[in-house]
1. Restricting region 197-236 to residues that are hydroxyl-bearing (Ser, Thr, Tyr) and assigned to a loop (DSSP other than H, G, I, E, B), which is surrounded by the fewest Cβ atoms within 10 Å (Cβ to Cβ)?
2. Run down Lys71, Lys41 and say which single residue is within 13 Å of the ligand (Cβ to nearest atom) and either within 21 Å of Gln203 (Cβ to Cβ) or of a type outside the set (Gly, Ala, Ser) (or both).
3. Does Leu176 count as farther than 27 Å from Gly63 by Cβ, hydrophobic (A, V, I, L, M, F, W, C) and at pLDDT below 95?
4. Can you name every residue in region 192-232 that is within 18 Å of Arg5 (Cα to Cα), in contact with a Lys or Arg (Cβ under 7 Å, 6 or more places away or on another chain) and free of Cβ contacts under 8 Å to residues at least 40 places away in the same chain?
5. Could you check region 20-38 and list, in sequence order, the residues that are within 11 Å of the ligand (Cβ to nearest atom) and surrounded by fewer than 22 Cβ atoms within 10 Å (Cβ to Cβ)?
6. Among the residues of region 76-91, is there at least one that is assigned to a loop (DSSP other than H, G, I, E, B), among the hydrophobic types (A, V, I, L, M, F, W, C) and more than 15 Å from the ligand (Cβ to nearest atom)?
7. Restricting to region 45-67, name every residue that is out of contact with any strand residue (DSSP E or B) (no Cβ under 7 Å at 6 or more places or on another chain) and either farther than 19 Å from Asp19 by Cα or not hydrophobic (A, V, I, L, M, F, W, C) (or both).
8. Can we say Val69 is assigned by the TED database to the domain that holds Met206 and either among the small types (Gly, Ala, Ser) or part of a strand (DSSP E or B) (or both)?
Amino acid sequence: MLEVRHISKTLPGGRKLLDDISFSVRKGEFVGILGASGAGKTLTLRCLNGLMTPDAGSVLLEGEDICRVSKRRLRLLRQRIGVVFQGYHLVKRLTALDNVLVGRLGRINTLRSLVYGFTDKEADAALQALEQVKIPQLAGTRVGSLSGGEMQRVAIARAIFQEPGLLLADEPISNLDPSNAKVIMKLIRPLAENMPVVGVFHQPEMTARYCTRVIALKEGRIIYDGDPKLSQEQLVDIYGEELRQIEHHEPTRL
Ligand SMILES: Nc1ncnc2c1ncn2[C@@H]1O[C@H](COP(=O)(O)OP(=O)(O)OP(=O)(O)O)[C@@H](O)[C@H]1O
């Protein structure tokens, strides 16, 4: 269970970047965070990941406040948080399997990590994670030669192998074509059966289809929290009147 309680972040000049954000996400939920550019989506995710400490409020992961723990404890807690990024964050010169194994570095002792001393059991589990994202045949392929969709599958397998208690996805489909984006959403959604999943998205049509709930931010505040299917009026409220103009734009006649 993830509980975000009244988090705020204010710039020295007084501008509120995050303003009293509160929500909880249980196992079984796949929450999509939407909002126009600058609404505070990334900052919120950074607070959930322990990368940024809010000025006020708390972020409880399985009952423990990640905003108030020691640096050492935070490092351990962050091993319980899987993250999938827009830019994949993979080591391109390593194989897909090695990249998945890297997901557990930090959980095994440092000396073993340094020499990549993974056991056969760990390698088997990493291969299973690649099977779960349907690319076991690419286990021995260098990541640098994979397509974007394949790289994102490796990143998801790495998060699965990490066995986290929370999965965060930072614009995981923004670099992908619509077909690959669907594949990735279909792979992420069932992971919510084992842990809360929270993602930042720019595609309301995708969150409507694959998320169980949507939270919309505007100017650092939550303006919507509920059913992932949003009406046109709600979308205009989130993204602004420009959206209406785009929707009504006549196609150019050639
Ligand atoms: N370190 C910082 N110092 C000052 N302002 C910041 C800092 N980080 C973010 N901001 C501001 O906070 C606001 C929210 O930023 P955030 O990155 O969360 O937006 P976002 O909703 O993720 O936008 P986008 O969709 O464009 O990525 C923005 O106006 C941004 O300029």
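1. Checking each candidate, the answer is Ser231.
2. Being within 13 Å of the ligand (Cβ to nearest atom) and either within 21 Å of Gln203 (Cβ to Cβ) or of a type outside the set (Gly, Ala, Ser) (or both) holds for just one of Lys71, Lys41, which is Lys41.
3. So Leu176 fits the description; yes.
4. Gly226
5. Across region 20-38, the qualifying residues are Ala36, Ser37, Gly38.
6. As a first pass, look at region 76-91 and keep what is assigned to a loop (DSSP other than H, G, I, E, B): 79-80, 86-91.
So of that shortlist, the ones also among the hydrophobic types (A, V, I, L, M, F, W, C) come out as 90-91.
Among the residues that remain, those that are also more than 15 Å from the ligand (Cβ to nearest atom) are: 90-91.
Yes.
7. Of everything in region 45-67, those that are out of contact with any strand residue (DSSP E or B) (no Cβ under 7 Å at 6 or more places or on another chain) and either farther than 19 Å from Asp19 by Cα or not hydrophobic (A, V, I, L, M, F, W, C) (or both) turn out to be Arg46, Gly50, Thr53, Glu62, Gly63, Glu64.
8. Details: assigned by the TED database to the domain that holds Met206: yes; either among the small types (Gly, Ala, Ser) or part of a strand (DSSP E or B) (or both): no.
So Val69 fails the test.
The values are calculated or read from the model by the stated rules, or taken from the named source; none is laboratory data. Values in this document were obtained by computation on a predicted structure and should not be read as measured data. Methodologically, a virtual Cβ is constructed for each residue, glycine included, from the backbone with ideal geometry; neighbour enumeration extends over all protein chains shown.
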